[in-house]
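Participant: Here you go, one structure.
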């Protein structure tokens, strides 16, 4: 039975209607069938396939979600969004007070697109041990480390108004 047939069969069994938002849990994420959710007072007593308004990955299984229902039908859930984990922050504030959008620290993320962009208003620094990469608003890029190596399979070009070596 496909997803559409599953939803149709469950909707036919439903006499209850709900207009309010409901909290639920992601039970399973399948690439071919979608996102399976469950919620308290689910009249079907089995996980349901949800229509999603946000991207969901397998790492989100077990996360709490906000659900709405198509025409109030409890057999046709719409996953409106994921709830933040307790104590997690959606924004990271740097020492300079610049805000950068970041995932919650306890959330493992896998990029679902081929491009990821981080933005800051003034300065952004990536640090790991004794290495750092700093990007400044004025266009300065500072790379620091105990050993810095640059590799290129093709041509490696250094261009600038002035290039100083040592």
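Participant: Could you please give the count of residues in the stretch 50-70 that are touching a helix residue (DSSP H, G or I) at 6+ places or on another chain (Cβ under 9 Å) and assigned to a helix (DSSP H, G or I)? It would help to see each step written out before you state the result.
Facilitator: Applying the first criterion (touching a helix residue (DSSP H, G or I) at 6+ places or on another chain (Cβ under 9 Å)) to the stretch 50-70 yields 51, 70.
Next, only the ones that are assigned to a helix (DSSP H, G or I) stay: 70.
Of the residues in the stretch 50-70, 1 are touching a helix residue (DSSP H, G or I) at 6+ places or on another chain (Cβ under 9 Å) and assigned to a helix (DSSP H, G or I).
Participant: Given the residues 59, 98, 116, which is the only one that is under 30 Å from residue 145 (Cβ atoms), modelled with pLDDT under 90 and surrounded by 12 or more Cβ atoms within 10 Å (Cβ to Cβ)?
Facilitator: It is 98.
Participant: Let me ask another. From the list 49, 66, 35, which residue is over 17 Å from residue 84 (Cα atoms), within 16 Å of the chain's Cα centre (by Cα), surrounded by 13 or more Cβ atoms within 10 Å (Cβ to Cβ) and modelled with pLDDT of 90 or more? First the steps, then the outcome.
Facilitator: Values: 49 fails: within 16 Å of the chain's Cα centre (by Cα); 66 fails: over 17 Å from residue 84 (Cα atoms).
Only one candidate passes the filter, namely 35.
Participant: Moving to a separate point now. Within the set of pairs 6+ apart or on separate chains, which have a first residue in the stretch 145-166 that is exposed (fewer than 10 other Cβ atoms within 10 Å of the Cβ), a second that is modelled with pLDDT of 85 or more and assigned to a loop (DSSP other than H, G, I, E, B), and C-beta atoms under 6 Å apart?
Facilitator: As it stands, the answer is 146/130, since those pairs meet every condition given.
The values are calculated or read from the model by the stated rules, or taken from the named source; none is laboratory data. Computed from a predicted model, the values in this text were never measured in an experiment. Quick reminder, even Gly has a Cβ in these numbers, built from the backbone with ideal geometry, and neighbours come from all protein chains shown.
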